[in-house]
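Report on one structure; see the data block that follows.
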Amino acid sequence: MVLGTALILWPAWLATGRVAFVAGLLASLVVVSDPFVRVHDAIHYPREFPWLQRQGWFRFLDQHHYIHHVDTSVNVNFLLPLADLLFGTMRRTLTEEELAVHGPLEEAKATPVGTSGPARLVARPRARTPVAAARDAGGVVPALPVA
Ligand SMILES: [Zn+2]
């Protein structure tokens with residue numbers, strides 16, 4: 001919110017000098033942008049938001065967004081999937097080929113960002129995490145500590 005004020009609201013005030021315009025921007029930051037960032041963070045860092053993970057609507061958005069990361073031409077409006085429905089960009093499932101490459105959502109959630117199979121193909125070599133090492137060895141993946 002501080003960054004939004006500095007980079008968006010203050011320049012908008014300087015450019016327009018209109019209270020209604022700046023108030024509209026502030027409302028959009030609070031009603032749309034802030035929830036978008038928080039829900040997106042919860043999707044990518046699931047262990048940091050356990051209460052959100054239990055919500056039915058969140059699980060739907062989680063799957064919806066996972067499909068978007070596999071095929072970026074679909075599910076482009078993840079916080080308001082109604083737009084995907086209206087514009088014909090909604091996808092509810094992955095193909096067998098996509099599942100073979102990327103795995104199901106549950107597998108992706110259990111894999112820390114940057115250490116999944118596809119990420120390893122493009123990522124620079126780096127130190128192995130205990131989770132990745134255990135998974136690659138075929139062992140039990142240890143639970144990550146909750147922050
Ligand atoms: Zn994302």
To make sure I understand, if each residue's beta carbon is the centre and we count other beta carbons within 10 Å, what order do Arg47, Arg92 fall in, fewest to most?
Arg92, Arg47
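Counting other beta carbons within 10 Å of each Cβ, put Tyr45, Tyr66 in order, fewest first. Before the final figure, lay out each step's value.
Details: Tyr45 12, Tyr66 20.
Ascending number of Cβ neighbours within 10 Å: Tyr45, Tyr66.
Every number here is computed from the coordinates shown, using simple stated rules; none is lab data. The shown structure was predicted, so the numbers you read here are calculated from the model rather than taken from an experiment. FYI the Cβ positions are ideal-geometry reconstructions off the backbone, even for glycines, and counts take in every protein chain you see.
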